[in-house]
Amino acid sequence: MKNLTIRNLSKTYFDPYAGTNVTAVHDVSLDVRQGEFVSIVGPSGCGKTTILNMIAGFIPHTGGEILLDGRPVKGPGADRGVVFQSFALFPWRTVLENVAFGPKMRGVGKAEREKIAYEYLALAKLTEAAGRYPAELSGGMQQRVGVVRALANEPDVLLMDEPFASVDAQTRMTLQEELTRIWQEKRPTVIFITHDVGEAVFLGNRVVALSKGRVLEEIAIDLPRPRSWDALNDDPRFKELSGRVLQLVRSA
Amino acid sequence: MKPFFLNLWSHCVRLTARWPSIGSIAPFIPLVAGWWIVTELEVFPRAFLPGPVDVVRSFGSLVYTGILPEYLQDSMVRLAVGAFWGIALGVPLGMLVGLSQRAHTALWPLLLFFQAIGDIAWLPILVIWFGYGLITMTVVIVYTVIFPVVLNTVLGVRSIPITMHRAALSLGASRTRILWEVVLPGALPNIVTGLRNGLGYGWRALIATEIIVGTSGIGFLMFDARRAGSVVEILLGMIILGILWYIVDSWILAPIERATGQRWGLVTR
């Protein structure tokens, strides 16, 4: 089992303007089992993106440890796929080439990697857009490509950094429903960062509430799947869970 | 009268829509017409300002004797050689300076210093070192082309969002692979802009160099004509300079720009 274990993770950096050390992430511990969907929710500046960047290996951590499948994380790698808030698609590559990028880096041949890419594009109903450039797509479509590109590389963990924050509200709901459907189909391990409490509860098996760089509480989400907004909008259990998380995040 | 002009205008619009190249010739028609009228009225003596017909005739005879094609080829080859080395040296140097803070600290002041010593300011010393010949001319053109290419490449490399690097890394790309997969294509629109500027400056520097140290080429043609007092050939040389640059820019550089930066949405139309 490829579990992700985070123990006493912390991040301290020197602020040259204030002349002091600032602790952005404080003693965070978290266990994510293979196939689990964990949402991390908190207000801006609570350190959630910093945590994700440390797991991805983009920035070094200053305390504690991050273990993936028992091995410590050192720098970025293909075992941890990332979906960015700004999509970060390669503008000079078509949708197909973007999705085939990971397999290409692994040395998979052209025919084989395009087959993989088409398979994943079909999963997000993107087959028609395969030959187009990212700039020709809407924001929602671009982020579908972003998600599919990360998935097509079959990472052990999928790290999603507020991926739906920059699309409009209706598209966001569609993307959230599609993500739960794809997750049920492929069962990747997901860590999903968001400031949106409803989103965190809707998507996750578990919600980790974060504030000022500390974990406040972990809440198990026992809502049945498949989940849809039509069913959950008026669901009392959904309201109860969202209310609890919201209260936690706001009270801190 | 009014419907006549309206008809003429609509003809023009339809014609340029069908053959866009006519649209790029059209602005020159009143210019040439004005020139022609001024010379026909003999406002200035013919020897000082020959008319378009004289220039065309001179073009015909220079092509016939083979001088013009040969000189034209010489100039174009020099520009091409200069452009090749300017790109071959400038792009890697720009990528290095753009990516490495250490290289930036070490090289940026030098780049600015040498950029300020303009192309032909090097001519006196280059003539002493390499004499009147191809090496001197090539050095001047490479020198002129390389700075816009380097500076724009640096700008392009630095304008690539960090998330692009991160996305490539977490998809399994190695640091060296990223140079080819992310840095080069990401900086390409800026590199093309640099090349466009560089070749424009290079073209001018080439003509200046040919005038001073040349034994052939369009610049030499013009300077040689001055010695013979042939205003017709000087005018012809000037017109060729303009036309050639127009061709290089609109047939080679602009299509590259459309196929890269504009296609990718990195440059707004």
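The values are calculated or read from the model by the stated rules, or taken from the named source; none is laboratory data. This one's a predicted model, so the numbers in the text were calculated from it and none came from an experiment. Because the Cβ atoms are built from the backbone with ideal geometry, glycine has one as well, and the counts that use them run over all protein chains shown.
Brief remarks on what is shown
- Flag for B:V192 being without any contact (Cβ under 8 Å) to a residue 60 or more places away in the chain and among the hydrophobic types (A, V, I, L, M, F, W, C): no
- Boolean, B:T268 is more than 14 Å from chain A (Cβ to nearest Cβ) and modelled with pLDDT under 85: no
- Residue in the stretch B:202-215 that is at positive phi and in contact with a helix residue (DSSP H, G or I) (Cβ under 9 Å, 6 or more places away or on another chain) present: no
- Number of the exception - B:S230 against (1) away from every other protein chain (no Cβ under 14 Å); (2) closer than 21 Å to B:R263 by Cβ: (2)
- With respect to the conditions (1) away from chain B (no Cβ under 14 Å); (2) crowded, with 20+ Cβ neighbours inside 10 Å; (3) among the aliphatic types (A, V, I, L, M), A:A231 falls short on a single one, namely (2).
- Given (1) at pLDDT below 90; (2) in a helix (DSSP H, G or I), index of the condition A:G198 fails: (1)
- Positions within the stretch A:82-97 being of a type in the set (V, I, T), facing chain B (nearest Cβ under 7 Å) and in a loop (DSSP other than H, G, I, E, B), in sequence order: none
- Residue within the stretch A:16-24 that is of a type outside the set (G, A, S) and surrounded by 21 or more Cβ atoms within 10 Å (Cβ to Cβ) present: no
- Verdict on A:A129 being more than 20 Å from the chain's Cα centre (by Cα), surrounded by 20 or more Cβ atoms within 10 Å (Cβ to Cβ) and more than 9 Å from every other protein chain (Cβ to nearest Cβ): yes
- Taking first residues from the stretch B:242-264 that are within 14 Å of B:W203 (Cα to Cα) and partners that are exposed (fewer than 15 other Cβ atoms within 10 Å of the Cβ) and hydroxyl-bearing (S, T, Y), the Cβ contacts under 8 Å between residues at least 6 apart in sequence or on separate chains come to B:Y246/B:S24.
- Helices (runs of 4 or more DSSP H) wholly inside the stretch B:110-180 containing at least 3 residues that are more than 14 Å from chain A (Cβ to nearest Cβ) and either at pLDDT below 90 or surrounded by fewer than 19 Cβ atoms within 10 Å (Cβ to Cβ) (or both): B:123-130, B:134-158
- Only one of A:V38, A:V28 that is surrounded by 14 or more Cβ atoms within 10 Å (Cβ to Cβ), among the β-branched types (V, I, T), more than 11 Å from chain B (Cβ to nearest Cβ) and in contact with a Lys or Arg (Cβ under 6 Å, 6 or more places away or on another chain): A:V38
- Taking first residues from the stretch A:138-161 that are under 16 Å from A:L96 (Cα atoms) and partners that are part of a helix (DSSP H, G or I) and among the hydroxyl-bearing types (S, T, Y), the Cβ contacts under 7 Å between residues at least 6 apart in sequence or on separate chains come to A:V148/A:Y120; A:L151/A:Y120; A:A152/A:Y120.
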